[in-house]
1. Enter the Cα centre distance for the pair the stretch 292-318 and the stretch 243-285, rounded to the nearest angstrom.
2. Output the 0 to 90 degree angle, nearest 10, between the alpha-carbon long axis of helix 68-92 and the longest principal axis computed from the alpha carbons of the chain.
3. Say we join alpha carbon atoms closer than 10 Å with springs in a Gaussian network model of the chain; which of 319, 104, 349 then has the biggest fluctuation?
4. Any idea what diffusion coefficient the stretch 266-351 gets from Stokes-Einstein, in µm²/s, Kirkwood Rh on alpha carbon pairs, 25 °C, 0.890 mPa s?
5. Over the Cα atoms of the stretch 172-346, what radius of gyration and what Dmax do you get, in Å?
6. I need 50, 100, 290, 251 ordered by Cβ neighbour count within 10 Å, fewest first.
7. Over the Cα atoms, compute the radius of gyration (one decimal) and Dmax (the largest Cα-Cα distance, rounded to a whole number) for the stretch 174-225, in Å.
8. By per-residue mean of other Cβ atoms within 10 Å, what is the highest-first order of 128-141, 78-91?
């Protein structure tokens, strides 16, 4: 054990926030540093296997959208969460508190600043989210997932250190799988909408496969993550087309599924984009269009600059466009291989170690 004092990680909301926290926790544990996690109730379903000696749930809410009453209620819940986090931090006396974005991060980071505990933010996206912008003045350092942080003020830029987005051990293991040659076999396509799923993938991709010429459709193999309410209709759509398809609401082995694919069709969450890069797979990215900060569009643009991915705006993401891109992949398999290499060259496989170095320096461990 490097120190009797733990590192307290704050993450919640979605798997996208928890996955980089999980990667950092594994790296710190490898170095003999104890880790505890503070999160919200929504994230507990992802956090059950989280590598921490203890997991603490606190009250949280998102004070955006809705009417004045709902915003006031959310702010009240955040205040309760800050009081709960203050009690927790006073008891644990962590060497450092590390926040991973989203409003569940706010109560622990506010409490840490009030108590004078060293704190770091990790911004996984290429544009800083609202919660992190609110917290930026309260922390010592801001670790960034991408080399460029759009719209960062001079104060934020002075605190920023590019570490990359930590990826889970399963991603590092999957990255050892060489890009599969297409040859005369099936074109293996993975379709995923992130940990929350994406209805647009269920609406568009099966129809796009249906728009392919029959001889190409016969050479397609699909693995698709679909929301629970979409799962049956997606499975039925592929059955009607006679297309080999595996459809599920969640894949525990998603990193290996990425590695096994010739092409990925996905949203552009930060974890997804960075996992694609570390594993090295070409992709069609469809950024979520309704995000207040347009973070997915910024993430996609960063990877697109390497030539690894094609970015399609959701209004342009039609069955006809999907069919055209897949037909193009069949006619230019060398292009797919080049794009896989471009993705790999943009990856930061040691991001967890780089972030752990920053955390330990800040914590003076």
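Values quoted throughout were computed directly from the atomic coordinates according to the rules given, and no laboratory measurement underlies them. What you see is a predicted model, and the numbers here were worked out from it, not measured in a lab. Positions of Cβ are generated from backbone atoms using ideal geometry, with glycine treated the same way; all protein chains shown enter the neighbour counts.
1. 15
2. For helix 68-92, the angle is close to 60 degrees.
3. 319
4. Answer, rounded: 188 µm²/s.
5. Gyration radius and largest Cα-Cα distance of the stretch 172-346: 14.7, 44 Å.
6. So the residues, fewest neighbours to most, are 290, 251, 50, 100.
7. Using the Cα atoms of the stretch 174-225, the pair Rg, Dmax is 13.0, 34 Å.
8. The peptides rank, most packed first, as 128-141, 78-91.
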